[in-house]
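The values are calculated or read from the model by the stated rules, or taken from the named source; none is laboratory data. All values derive from a computational prediction rather than experimental measurement. Cβ atoms come from the backbone with ideal geometry, glycine included; neighbour counts cover every protein chain shown.
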Amino acid sequence: MLTRRVAGPAQQVGLAIWARAAGTLAPPRNTEFALLQDSDLAVFDSILGSGGVITDPHEVDPYNRDWMGKYRGRGRCVLRPRSTAQVSALLRHCSARRLAVVPQGGNTGLVGGSVPVHDEVVLSTGLMTTLLGFDPGSGALTAQAGAVLATLEAAARERGHAMPLDLGASGSCAIGGNVATNAGGIRLLRHGPLHGSVLGLEVVLAGGQVLDLLSSLRKDNTGYDLKQLFIGSEGTLGVITAVAIQCPAASPATSLAYLAVPSFKAAQQAHGVLQAARQNLGELLSAFEFLDRESLEVAKQFLPGARDPLPGSDTVIPYTAQAPFFLVVEIAGSSEQHNAAMLEAFLESTMGEGRVLDGVVAQDSRQAGEIWALREGITEALRHRGAIYKYDLSFRVEEMYGVVGAARERLASAYPSGFLGGGAGSTAGSDTEHALKVVGYGHLGDGNVHLNISAPRYDAGLEALIEPWVYEFTAAHSGSISAEHGLGRMKAPCIGYSKPPEAVRLMRSIKAAFDPQGILNPYKVLPPE
Amino acid sequence: MRVLVAVKRVIDYNARVRVKPDKSGVDLKNVKMGMNPFCEIAVEEAVKLKEGGSASEVVAVTIGPKAAGDTLRTALAMGADRGVHVLEDGEVQPLAVAKLLAALTRREEATLCMLGKQAIDDDSNQTGQGLAGLLGWPQATFASKVVVDREAGRASVTREVDGGLETLSLKLPAVITADLRLNEPRYATLPNIMKAKKKKVDTVTAQELGVDITPRLKLVKVEEPAKRQAGVMLSSVKELVDRLRNEAKVI
């Protein structure tokens, strides 16, 4: 088994205490940062002109709140530049004044990384949405950082290509934020992480210097590959203002199957469905996702328009209605007929062996869209249900679901009634909408599980029960405490569970080299010293 | 009671439709195709009638080239018992479709014909009505609810009309066309897809059915709708009033 160095026990104890105190509680404000003055607003106004600076508290509010409603900052002003030159001028002023800044794209992050912790100035890329170029020969797409992923996907599709990433938030998330957080999503299985598909970046450093790395060459081995540092830096090293990204040719034909499997083991292990898919569908395989029954139930109940593809009423196998796991398997190739033949042969053999209980094959794009909406809508459905404790973990594929079962056991023993004690939603009984619910879903092909604990409200006692236990569990199983969401504010104190002290020290010196005053997205990614 | 349900292979509703440069029609090369959504609803309803005991057999019919056989298989995977494929490579217009279906209805001795209200490719909305006329049967189009009383030999059909809901009572045999809200078509499950491969499909030609399908209508040209001009952002109410008055001349 692979082992990974983790922080020693002594350090883990220290981290554990901090992690307990952290979570939704804010770390103290760094008093070295200046307070925003009216004179600063005047400078911002002069740089951005009318409409570029927002100070009305009602309009500022959405920029201060994260998507889950878990974190809320007290920023007083939002800057909305349109050009790299404006970003540069703004940062030059902020660094001269030592004003802390939070870069923000679509604000769809799930770890509190894109909103202020205290009174940081929000630098939104919301108006930087221009598609700067598309090279039909190579498929290289260049766009300003605020361009919305779905818009770029449509632009690439029109030209016979596709973006190398896709995620549930594609309708709102910005490409700059995707790169800054090294977003994963459902196409990672096929196209690999952004470290491979991002060709070039333009970044404005904390002092306002513009770093032009906006090459669209596939190969470029000249010195250190600095752009890699910004991919996944979560806005702490510089503000990404433009992105060049490799768009693969779009596959003309995609086919989708939704399968019920008897156990997680049957889905993944040696001779399981995943292995069979890798062997038999090979280069056609474009997504291999899973959801557990609890995820399906939440989606059915809280996602408008969602329906169960396998309602079980007409199935020939009665226990399908109780199947514990479901898979979404997509293949993409050049011919509809070839896809269909490959998929059918694969399904016939896995079903014949009993590794698949039942399933459906989308007969048209409407059905395929419905199945994707179900899988991708779980995150949103959970938000409609209430408070969410969200953990984005990766493990060896064989071990990835263990954490969900362990979390269920832990909660069941602490809350035998299944409900939080005291306050709203505490009454036990038939009101299952308020019950604690542990769900697991994610990218099975990549060993990435989204463990979500849904509760009627955020609760310190519940949080203390989950954290740092979940990080300890992950470290003990050689997993990563953040597979694709990043560390942000939520997990900054916990980096030691997945990275050794020497690596964290090196990261600190890199941060100091890029942003000596620490004004860019403070309190995020790295633990407090 | 035997139900005949017609299914048409059309461009997937999500696919980008491209007009051929010579304006002679729509380019179908490398475009995703699938069953017309209203036909799917008709199949679902027919299968439900069988599951509910009102129908004894569901026969799915398609008219088109060899590839239309895939659409027929989808209908079989959804629960139709057997299929009939009228193999025809050329253009078949709504009147010809109605005549072919009438011939098959007689041959199969069907008591009920279920169709989609229209196909999303040419939006003709004529086939069901034409079929009822040719057979001399009562018709209920745009059905949003269907209840069959087998013993009374009648069907009660609810339709969404402008003012609300209208309910018709028809004497069987009859023709019913399906509207969007009649039902939610099921997914084709793996076991049913496999079973569908073994179901019987008859292949016939228009000639064998004695139907003349020579087109009666001439297609003049197909054009894309005019592109809408991009909008503009105005900076003030004053500017808006000015442009409404002087440019659009509406105030």
- What residue, of A:P164, A:P57, is outside the structural domain of A:S286 (by TED's automatic domain parsing) and touching a helix residue (DSSP H, G or I) at 6+ places or on another chain (Cβ under 7 Å)? A:P164
- Message: Could you check the stretch A:252-269 and list, in sequence order, the residues that are assigned to a helix (DSSP H, G or I) and aromatic (F, W, Y)?
- Response: A:F264
- Task: Identify, from the list A:L420, A:L382, the residue that is over 19 Å from A:P304 (Cβ atoms), more than 14 Å from every other protein chain (Cβ to nearest Cβ) and among the aliphatic types (A, V, I, L, M).
- Result: A:L420
- Query: Residues in the stretch A:227-250: is at least one closer than 30 Å to A:E336 by Cα and more than 23 Å from the chain's Cα centre (by Cα)?
  - Reply: yes
- Task: Go through the residues of the stretch A:59-82 one by one and say whether even a single one is of a type in the set (D, E) and surrounded by fewer than 16 Cβ atoms within 10 Å (Cβ to Cβ).
- Result: yes
- Message: Return the pair list, or none, for Cβ contacts closer than 8 Å from residues in the stretch B:105-124 that are closer than 14 Å to B:K8 by Cα to residues that are at pLDDT below 95 and among the hydrophobic types (A, V, I, L, M, F, W, C), at least 6 apart or on different chains.
- Response: B:I120/B:I11; B:D121/B:I11; B:D121/B:V26
- Under 7 Å by Cβ, and 6 or more places apart or on different chains, what pairs join a residue from the stretch A:488-517 that is in a loop (DSSP other than H, G, I, E, B) with one that is of a type in the set (D, E, K, R)? A:G488/A:E234; A:G488/A:K524; A:R489/A:K524; A:P500/A:R5; A:Q517/A:R98
- Message: With the structure loaded, tell me whether A:V53 is modelled with pLDDT of 95 or more, over 30 Å from A:L382 (Cβ atoms) and in contact with a Phe, Trp or Tyr (Cβ under 7 Å, 6 or more places away or on another chain) or whether it fails that test.
- Response: yes
- Only listed residue being aliphatic (A, V, I, L, M) and more than 28 Å from A:V449 (Cα to Cα), chosen from A:A140, A:A180, A:A174: A:A140
- Test result for A:G359, part of a helix (DSSP H, G or I), within 8 Å of chain B (Cβ to nearest Cβ) and within 29 Å of the chain's Cα centre (by Cα): no
- Item | Yes/no for B:G34 being modelled with pLDDT under 95 and surrounded by 21 or more Cβ atoms within 10 Å (Cβ to Cβ) | yes
- Of the residues that make up the stretch B:25-42, is at least one away from every other protein chain (no Cβ under 14 Å), more than 18 Å from A:Q363 (Cα to Cα) and in contact (Cβ under 8 Å) with a residue 12 or more places away in the chain? yes
- Message: Taking the criterion of being out of contact with any strand residue (DSSP E or B) (no Cβ under 6 Å at 6 or more places or on another chain) and modelled with pLDDT of 90 or more, would at least one residue in the stretch A:324-336 satisfy it?
- Response: no
- Hey, which of the strands (runs of 3 or more DSSP E) in the stretch A:127-242, taking only ones fully inside, have at least 2 residues that are β-branched (V, I, T) and modelled with pLDDT under 95? none
- Message: Suppose we filter A:F264, A:F230 for residues that are away from chain B (no Cβ under 14 Å), without any contact (Cβ under 8 Å) to a residue 60 or more places away in the chain and surrounded by 15 or more Cβ atoms within 10 Å (Cβ to Cβ); which single one remains?
- Response: A:F230
- within 14 Å of another protein chain (Cβ to nearest Cβ), among the polar types (S, T, N, Q) and touching a residue at least 60 places away in the same chain (Cβ under 8 Å): does that describe B:T74? yes
